[in-house]
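Chemist: Structure incoming, see below.
The values are calculated or read from the model by the stated rules, or taken from the named source; none is laboratory data. If you're wondering where the values come from, they're calculated on a predicted model, not measured in any experiment. Glycine also receives a Cβ, built like all others from the backbone with ideal geometry; neighbour counts cover every protein chain displayed.
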Amino acid sequence: MKPVSAALKAHEQVAYVNARLLDPATGLDTPGVLMTDGAVIADLGPQLFADGVPEKMTVVDCGGHCLAPGLVDIRVQLREPGDEHKETIESGSRAAAAGGVTTMVSLPNTDPVIDDVAGVEFIARRAREVKLVKIYSYASVTRRVEGTQLTEVGLLSEYGAVAFTDGLKAVADANVMRRALSYARAFDQVIVQHPEEPALAHGSMNAGELATRLGLRGIPAAAEVIMIERDLRLVELTGGRYHAAHVSTAAALERIREGKARGLKITCDTAPHYFTLNENAVGDYRTFAKVSPPLRSEADRQAVADAVTDGTIDAIASDHSPHDQDSKRLPFDLADCGIVGLESLLPLSLELVHKGSTTLLDLLASLTCRPAGILGLPGGCLEEGAAADLVLFDPERPGRIVPETFRSKSKNSPFDDHPIQGKVLRTVVDGRTIFDADA
Amino acid sequence: MSAPPNSLQNTGYPHRHLLGTEGLSAGEITFLLDLADTYVDLNRQEDKKKSLLSGRTVINLFFESSTRTRTSFELAGKRLSADVISMSVAWSSIKKGETLIDTAMTLNAMHPDVLVVRHPESGAVKLLSEKVNCAVINAGDGSHEHPTQALLDALTIRRRRGGLEGLTVAICGDILHSRVARSNIHLLTTLGARIRVIAPPTLLPSQIERLGVESYFDMREGLRDCDIVMMLRLQTERMQGSYVPSIREYFRFFGLDRDKLRLAKPDALIMHPGPMNRGVEIDSELADDIDRSVIREQVEMGVAVRMACLDTLNRGRRFHEAETQP
């Protein structure tokens with residue numbers, strides 16, 4: 001593979017030849033060539049440059065591997081401002097690039113909370129300075145994520161907040177949620193919920209036999225479904241747009257399936273750990289597998305995988321939650337929740353394809369055009385004139401996850417040494433190669 | 001593996017630590033109980049001192065207040081001639097500064113031979129054991145395990161009844177928060193006893209039946225024909241929210257009194273890990289009934305069992321060291 005110079009000249013034209021072009025938005029899956037002109041996709045197709053690539057055009061030989069829209073990850077924590085020892089916008093961007101993610105949306109649970117215009121502008125400015133992947137930010141639904149007073153939804157939207165969420169906290173008060181859903185309609189904004197009834201969530205793992213054996217307080221699956229059921233009623237009441245983050249239980253998925261069938265404006269996502277692991281991963285008090293919501297039973301894990309297959313789950317997000325050692329090397333109940341996920345998002349998701357439970361195009365849809373569509377973000381498709389945000393990957397290459405090699409500042413992954421099949425080879429944003437596995 | 005030298009014989013307990021009773025074999029448990037039996041005899045003599053742990057250092061590290069367990073371990077160590085130090089650390093102050101792992105590393109640098117640890121968080125003792133070179137005894141971690149309590153309970157029953165096989169043991173009270181209940185369930189079922197747990201549904205953990213026990217909400221029904229009645233302390237300090245509406249209602253339905261006890265076998269023994277809440281989970285008069293209550297005997301067995309554990313882990317440690325010599 002011929003390396004592309006890091007500094008892209010204006011209107012440099014690049015031909016990605018010998019590629020398997022995959023566009024989940026149109027169902028395209030064909031061998032062919034894709035050409036970028038500066039920051040945009042200029043042309044693509046099986047017949048492009050059938051008679052040879054014009055001279056002076058830079059050529060990238062894709063070696064027959066998959067060339068798809070860059071991944072769109074709608075749930076990441078970048079820890080800047082406030083916890084830069086765990087992650088920064090720069091280190092998080094490098095992790096994203098290595099994971100094939102070209103667009104990500106950061107949660108507002110920083111210190112200070114992103115609940116005003118200055119916060120949204122800060123993230124945007126840092127993203128421009130770092131200039132790797134595209135970063136959008138959520139703003140909080142309520143000030144300081146305290147769950148009481150709404151943020152300036154209209155102003156924040158004007159300044160670039162792409163949706164509203166209290167991040168790791170549920171909007172617990174039903175009346176606040178009702179007003180948020182209702183008010184956000186004026187600006188056609190989505191409210192993203194952490195669907196968990198807090199009064200039932202005084203615990204650190206899934207309720208059940210293992211929690212009983214370990215002497216840990218359990219969180220019942222009902223904590224999730226109760227909040228989803230309540231919120232769907234509020235969506236019906238208000239006509240608002242609602243997205244449920246990291247859904248983890250069969251019961252909640254069933255309610256979402258029914259809600260969609262009734263025509264409600266609802267969507268949801270999950271993270272790879274919810275269809276890859278079950279509660280047994282926390283056996284022996286493994287805090288690296290402590291997440292919120294907790295890893296559930298095997299039946300729930302299977303239900304999440306099935307819901308990705310049947311499309312009930314619209315999107316897969318990494319739920320990237322970097323933590324340093326000191327936040328995890330604690331007694332289980334006291335350890336922080338979360339898994340660092342940007343660099344394992346694609347290979348873990350590809351397991352669903354290798355197991356035969358979904359097709360490559362459908363899986364890519366849940367990682368590109370569908371999450372982009374939920375939040376109205378550009379990107380996520382291979383289209384003439386669209387931004388040249390691309391990922392080149394080999395879906396077959398076997399390997400193992402080695403957290404020590406992650407670009408992220410934090411290595412809190414329970415997938416240490418987990419066998420995988422699939423590797424990101426190159427990541428391109430606005431026509432610039434920002435990650436090259438061979439470089 | 002070559003045969004170890006005579007003085008460093010491998011014991012019938014091949015583990016480096018004692019972190020819990022879950023997963024211990026009947027043979028391993030019996031080995032510890034048999035050894036403890038010999039220490040019961042020693043402790044009843046005028047000269048109670050043995051030099052087995054002479055030159056060894058035992059540190060009792062208690063992150064949770066305790067009088068009886070700490071004293072029991074201290075006495076056990078001293079009767080075996082170990083140098084014993086007890087540290088009581090307020091966990092609330094530790095939380096803010098030094099981490100548990102820092103504490104472990106600091107103590108480890110002082111070359112203790114055995115660390116005895118109590119901690120209010122489930123799993124904390126295991127976490128600590130992974131960071132030190134010495135043997136670790138779990139003296140109670142959160143709601144998880146309290147293995148020496150289960151061993152002393154088993155020893156008390158075995159000395160009174162000759163064995164555990166086929167006995168019906170009712171464990172009553174706050175099962176949800178009880179490490180004593182969990183350790184006893186694992187240990188007594190391994191030795192062949194049938195376990196019933198009796199509690200209001202709010203104090204029974206999820207899927208407790210999967211641990212091989214029967215659960216009862218009706219104390220009378222649960223006590224019917226059982227051989228052993230093991231009462232648990234209502235852990236008010238761990239209560240969060242409304243598990244039971246009032247103490248008087250609790251005592252009425254789940255407290256042990258003569259009336260309910262009548263349903264158990266006529267010679268059924270009453271046990272309690274202490275400290276008791278008289279009038280909450282047990283009628284005061286019953287607790288003091290020397291014909292039925294073996295509560296004070298449990299305390300005596302506690303010292304013997306802890307001597308057996310210290311002795312065994314110390315031998316095991318020397319054995320493991322000898323084994324790794326070139």
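Chemist: Considering each residue of the range A:158-174, count those that are in a helix (DSSP H, G or I) and in contact with a Ser or Thr (Cβ under 6 Å, 6 or more places away or on another chain), and give that number.
Modeler: Counting residues in the range A:158-174 that are in a helix (DSSP H, G or I) and in contact with a Ser or Thr (Cβ under 6 Å, 6 or more places away or on another chain) gives 0.
Chemist: Within the range B:268-284, count every residue that is in contact (Cβ under 8 Å) with a residue 12 or more places away in the chain and either part of a loop (DSSP other than H, G, I, E, B) or farther than 16 Å from B:Asp153 by Cβ (or both).
Modeler: Count: 11.
Chemist: Looking at the range A:23-76, which of its residues are among the polar types (S, T, N, Q) and out of contact with any Cys (no Cβ under 8 Å at 6 or more places or on another chain)?
Modeler: Listed by number, the residues that qualify are A:Thr30, A:Thr36, A:Gln47, A:Thr58.
Chemist: So which residues in the range B:193-234 are under 15 Å from B:Asp153 (Cβ atoms) and either of a type in the set (Gly, Ala, Ser) or free of Cβ contacts under 8 Å to residues at least 24 places away in the same chain (or both), if there are any at all?
Modeler: Matches in the range B:193-234: B:Ala193 only.
Chemist: While we're here: Would you confirm, using the coordinates I've provided, whether B:Thr168 is under 29 Å from B:Ile247 (Cβ atoms), touching a Phe, Trp or Tyr at 6+ places or on another chain (Cβ under 9 Å) and polar (S, T, N, Q)?
Modeler: Taking the combined requirement at face value, the residue does not satisfy it.
Chemist: Mind counting the residues in the range A:90-120 that are surrounded by fewer than 24 Cβ atoms within 10 Å (Cβ to Cβ) and assigned to a helix (DSSP H, G or I)?
Modeler: 7
Chemist: With the requirement that a residue be basic (Lys, Arg) and out of contact with any strand residue (DSSP E or B) (no Cβ under 6 Å at 6 or more places or on another chain), what does the range B:73-88 give you?
Modeler: Once the filter is applied, which keeps residues that are basic (Lys, Arg) and out of contact with any strand residue (DSSP E or B) (no Cβ under 6 Å at 6 or more places or on another chain), the range B:73-88 yields only B:Arg79.
Chemist: Sticking with this structure for a sec: Hey, which of the helices (runs of 4 or more DSSP H) in the range A:196-262, taking only ones fully inside, have at least 1 residues that are touching a strand residue (DSSP E or B) at 6+ places or on another chain (Cβ under 9 Å), within 13 Å of chain B (Cβ to nearest Cβ) and more than 19 Å from A:Leu277 (Cβ to Cβ)?
Modeler: A:209-214
Chemist: A further question on this structure: Quick one: is B:Leu310 part of a helix (DSSP H, G or I), on the phi < 0 side of the Ramachandran plot, buried (at least 22 other Cβ atoms within 10 Å of the Cβ) and of a type outside the set (Phe, Trp, Tyr)?
Modeler: Yes: the conditions hold for B:Leu310.
Chemist: Name every residue in the range A:344-361 that is in contact (Cβ under 8 Å) with a residue 60 or more places away in the chain and outside any helix (DSSP H, G or I), in order of residue number.
Modeler: The answer is A:Ser344, and nothing else.
Chemist: Quick check: anything in the range B:291-306 over 30 Å from A:Ala199 (Cα atoms), of a type in the set (Gly, Ala, Ser), modelled with pLDDT of 95 or more and out of contact with any strand residue (DSSP E or B) (no Cβ under 8 Å at 6 or more places or on another chain)?
Modeler: Yes.
Chemist: Among the listed residues A:Ser357, A:Ser344, A:Ser366, identify the single one that is over 19 Å from A:Pro419 (Cα atoms) and among the hydroxyl-bearing types (Ser, Thr, Tyr).
Modeler: After applying the criteria, what remains is A:Ser366.
Chemist: Name the residue that is farthest from the other protein chains (Cβ to nearest Cβ), counting only residues in the range A:310-327 that are closer than 19 Å to A:Gln193 by Cβ and part of a loop (DSSP other than H, G, I, E, B).
Modeler: Once the filter is applied, the top-ranked residue is A:Asp314.
Chemist: Moving on. With the range B:55-150 as the region, which strands (runs of 3 or more DSSP E) entirely inside it contain at least 1 residues that are within 14 Å of chain A (Cβ to nearest Cβ) and among the polar types (S, T, N, Q)?
Modeler: Result: B:135-141.
Chemist: Tell me yes or no: at least one residue of the range A:138-151 is among the basic types (Lys, Arg), on the phi > 0 side of the Ramachandran plot and either in contact (Cβ under 8 Å) with a residue 24 or more places away in the chain or in contact with a Lys or Arg (Cβ under 8 Å, 6 or more places away or on another chain) (or both).
Modeler: Yes.
This table checks each residue for (1) touching a strand residue (DSSP E or B) at 6+ places or on another chain (Cβ under 9 Å); (2) within 14 Å of another protein chain (Cβ to nearest Cβ); (3) surrounded by fewer than 20 Cβ atoms within 10 Å (Cβ to Cβ); (4) of a type in the set (Phe, Trp, Tyr).
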{"site": "A:Ile266", "(1), (2), (3), (4)": "yes, no, no, no"}
{"site": "A:Gly283", "(1), (2), (3), (4)": "no, yes, yes, no"}
{"site": "A:Arg301", "(1), (2), (3), (4)": "no, no, no, no"}
{"site": "A:Val308", "(1), (2), (3), (4)": "yes, no, no, no"}
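Chemist: Turning to a different aspect of this structure: Pick out the one residue from A:Leu330, A:Leu345, A:Leu334 that is away from chain B (no Cβ under 14 Å) and either surrounded by fewer than 24 Cβ atoms within 10 Å (Cβ to Cβ) or over 18 Å from A:Glu196 (Cα atoms) (or both).
Modeler: None of the others qualify; the one that does is A:Leu345.
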